[in-house]
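The block underneath contains the structure these notes are about, expressed in structure tokens.
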Amino acid sequence: QDHRDLLSRMESGQAELEQLRKAEGERAAQQERSSQLEKEVAVLREKIHHLDDMLKSQQRKVRQMIEQLQNSKSVIQAKDAAIQELKERVSYLEAENLEMHDRIEHLIEKQVSHSGSSARARSKSEYVSRWGGNSWIRGRNAGIRVRNDEI
């Protein structure tokens, strides 16, 4: 009976040893898996860090592009305002030019009607060509200048 008892104890000891070896093997496998997962986590952290850097860089570029667009918009608005001012000046000068032409035409008609006793009456085109067309207009409030020797 001692022999059976010893055999039984030996078998239970071997079974317990097998379980311990199996548990130790599982623990080694778990440690291996844990180590593998830690490596994967480190790689993923590095990738995330790289992506964050790229995202920050892209955000800086977008902010710079927005700033450039705003600056360009301001420049365009300033140029549009300058163009509008020039258009208004051109319109004003065109109206002034027409007024000057009307005044010259009126003066020519007056002079032609006063000089009816001369040998021959000059045409409007002769007066305009002799006076130099627009060269008689001097600034905004310019009057008409007529030389006495041309009358």
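The values are calculated or read from the model by the stated rules, or taken from the named source; none is laboratory data. Values in this document were obtained by computation on a predicted structure and should not be read as measured data. In this analysis, Cβ positions are derived from the backbone assuming ideal geometry, glycine residues included, and neighbour counts consider all displayed protein chains. We work out accessible area using only protein heavy atoms, side chains counted, and drop any ligands, DNA or RNA first. Shrake-Rupley method; radii C 1.70, N 1.55, O 1.52, S 1.80 Å.
Residue check: is L17 surrounded by 10 or more Cβ atoms within 10 Å (Cβ to Cβ) and either at pLDDT 90 or above or at positive phi (or both)?
So L17 does not fit the description; no.
Which residue, of E38, E105, is charged (D, E, K, R) and in contact (Cβ under 8 Å) with a residue 12 or more places away in the chain?
E105
If only one of I48, I66, I83 is out of contact with any Pro (no Cβ under 9 Å at 6 or more places or on another chain), open to solvent by 90 Å² or more (accessible area, probe 1.4 Å) and not charged (D, E, K, R), which one is it?
I48
Can you confirm whether R27 is loosely packed, with under 10 Cβ neighbours inside 10 Å and modelled with pLDDT of 85 or more?
Against the criterion (loosely packed, with under 10 Cβ neighbours inside 10 Å and modelled with pLDDT of 85 or more), R27 does not qualify.
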